[in-house]
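Structure record follows, encoded as structure tokens.
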Amino acid sequence: MLKRLLGVAVLATLPFGAGAQSIDDLKNDANTPDNVLTLGMGWDQKRYSPLDQINAKNVKRLVPVWNYSLGDNRGQESQPIIHEGRMYVTTHDATHAIDVRTGRNIWVQKFEYPPETPRIVCCGIVNRGAAILDGLLYRVTLDGFVVALKTEDGSEVWRSQAASIEEGQSMTLAPLVTPSAVITGISGGEYGIRGYIDGWDLKTGKHLWRRFTVAGPGEPGHETWPGDTWKHGGGPTWITGSYDPDLNLVYWGTGNGGPWNAEFRKGDNLYIASTLAMRPETGEIVWHYQYSPNDPYDYDEVGENILTDMTIDGKNRKVMIHVARNGFLYVLDRTNGELLAANQYVKHLNWADGIDMKTGRPIDSELTKKMRAGEEIVVWPGAFGGKNWFPASYSPKTGLVYTNTLEIGMGYKAIEPKLVKGTFYVGIDLSKALFHMKQDEPHAYLRALDPMTGEAKWEHPLEIANWGGTMVTGGDLVFAGTQTGEFQAFDANTGEMVWQFQTGSGIIGQPVTYTIDGTQYVTIASGIGGAYRNYVPLLGGVEGVGSPETVAKLTSVQPGGSFWTFALLPE
């Protein structure tokens, strides 16, 4: 049987395609199943594919057809780009082109960065993927460069510096290609940075514009920053934005304020913990929505912004769905930022009593008032959020959002912040920042959420939190991976787990699906790493999360990066 499958999978005599990709190709990415040309399988970042050859009834026949080793022991969060028989994947220090039919290497482009770079990277030495257009592949480097490579052979066309490791800045995201610019953001929210988003010329790498996410002197919103606090106010931009070509708006999330001690920077602190709707030609902000004004709790709101159309109160609305780290699920009108829904989606949340639908602002709870008065508290969600970086998916078929979620609180005691280059600038007592969980309850779930109510249609409890993205298909399947290595499929309607495969290392990546020669394939990166695995000790020790047996299970997972590709075993 396996030989028959491999015979279907490897039809390798066809020529490789390194040809051009147009803006129209990117615009239609969600409707062209032979290619995956954008992060999220579409500018709208639904992470939905209409493909249904693999479905809940036959997924038990899903088997691996090849595995490609990355030769790398760091965490693997990259999403593949696929074009005309080639797969392009990234690691923290390399870019690989792979034959999709055989899993064999075509070319590898390696690069080096200064050895001191990892010291200023908060939460994992990773890269989340590339962007593609007109024969060029765009990626960023950990030490702050944006690079364009030829898809044909990996040779470098241009390289532009965007960030400075000396200033605590780094880069881990996938760029966003729009008709007028390739757009990038930066990491470094814990290192006293002033965040920004950049636009670059697609052909030359010329710097076109910079949009600071912390308003400085003379900029709208500067009055929300006392004194000189804006200079190191945070607002990192380390997850890729979405793009609506019809409205010509980019939707980009901004991260936590710096330092975490928000009493040091009293005010709303625009534009931290927000979504910015911007013009890609200039970076002009058309509208913004701030989820957590002042943000004391590291509620990075850099996560994906899902674009779709929904009927609300009998009216068709162009909406943006945001599963926020602060524990609320938001639906906004993406034409103007009007708040349409904001509901709690985690079980345990005590920092706010809800969202005021008239103002869009959170209603501070008594607990947050105690925190502002200097008391030690336990806040839910903690700094990891109700959802962390890992992207959610949305099915227009079911109308549900599928996402990994967390139920983890954190001890919090504000102290006077001290800015020292290359060290955390948080202004809280890290010795008290222990993780907290409810006894006899799971601390993580895979959930199917109603975007308008935040209610879970179903939830799958997790012994160890998932740290990778989800994908949903027209075959009514939700794909997700575990940190102990299982790649799993769930019935999108019921939540029943209908298939799994052990990949050999933890999964923290982003799955994709596509067709080659009429056969549907699914691909996922495997390779343990990331914030949960690497930095739990930083916030109180891995002993604070789960039983000793659970901790041992997580720490026993071996590193080793690779990409797995699956297809159905013929009947």
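The values are calculated or read from the model by the stated rules, or taken from the named source; none is laboratory data. These figures come from a predicted structure and were not determined experimentally. Counting neighbours? That spans all protein chains shown, and the Cβs are built from the backbone with ideal geometry, glycine included.
Before moving on, here are some points about what is shown:
- Residues in region 23-36 that are modelled with pLDDT of 95 or more and more than 16 Å from TYR88 (Cβ to Cβ): 4 in all.
- With respect to the stated conditions, GLN500 fails to be among the polar types (S, T, N, Q) and either under 23 Å from LEU39 (Cβ atoms) or in contact with a Phe, Trp or Tyr (Cβ under 6 Å, 6 or more places away or on another chain) (or both).
- Selection within region 235-256: residues that are of a type outside the set (S, T, N, Q) and without any contact (Cβ under 8 Å) to a residue 60 or more places away in the chain. The member of this set that is farthest from GLY129 (Cα to Cα) is ASP246.
- Scan of region 121-147 for residues that are over 28 Å from LEU202 (Cβ atoms) and crowded, with 24+ Cβ neighbours inside 10 Å, ordered by number: none
- Criterion applied to ALA525, ALA489 was being of a type in the set (A, V, I, L, M), in contact with a helix residue (DSSP H, G or I) (Cβ under 6 Å, 6 or more places away or on another chain) and assigned to a strand (DSSP E or B), and the one residue passing it is ALA489.
- Flag for ILE377 being touching a strand residue (DSSP E or B) at 6+ places or on another chain (Cβ under 6 Å) and without any contact (Cβ under 8 Å) to a residue 60 or more places away in the chain: yes
- Test: residue in region 175-187 that is surrounded by fewer than 23 Cβ atoms within 10 Å (Cβ to Cβ), part of a strand (DSSP E or B), at pLDDT 95 or above and of a type outside the set (Asp, Glu): no
- Given (1) under 27 Å from the mean Cα position of the chain (by Cα); (2) in a loop (DSSP other than H, G, I, E, B); (3) free of Cβ contacts under 8 Å to residues at least 60 places away in the same chain; (4) surrounded by fewer than 23 Cβ atoms within 10 Å (Cβ to Cβ), number of the condition LYS231 does not satisfy: (2)
- Residue match in region 112-119 (condition: outside any strand (DSSP E or B) and crowded, with 22+ Cβ neighbours inside 10 Å): no
- Qualifying residue in region 443-459 (condition: among the polar types (S, T, N, Q) and under 21 Å from THR555 (Cα atoms)): no
- All strands (runs of 3 or more DSSP E) inside region 315-381 with 1 or more residues being touching a Ser or Thr at 6+ places or on another chain (Cβ under 6 Å) and buried (at least 17 other Cβ atoms within 10 Å of the Cβ): 315-323, 339-344, 352-355
- Hits in region 502-525 (condition: of a type outside the set (S, T, N, Q) and surrounded by 18 or more Cβ atoms within 10 Å (Cβ to Cβ)): GLY506, ILE507, ILE508, GLY509, PRO511, VAL512, TYR514, ILE516, TYR521, VAL522, ILE524, ALA525
- Of all residues in region 208-218, those that are part of a loop (DSSP other than H, G, I, E, B), in contact with a strand residue (DSSP E or B) (Cβ under 8 Å, 6 or more places away or on another chain) and surrounded by fewer than 16 Cβ atoms within 10 Å (Cβ to Cβ) total 1.
- The residues on offer are LEU39, LEU14, LEU51, and the sole one that is at pLDDT 90 or above, within 14 Å of HIS83 (Cα to Cα) and not basic (Lys, Arg) is LEU39.
- Condition check for GLY205: more than 25 Å from the chain's Cα centre (by Cα) and part of a loop (DSSP other than H, G, I, E, B): no
- Only one of the numbered conditions (1) assigned to a loop (DSSP other than H, G, I, E, B); (2) more than 16 Å from the chain's Cα centre (by Cα) is violated by HIS460, and that is (1).
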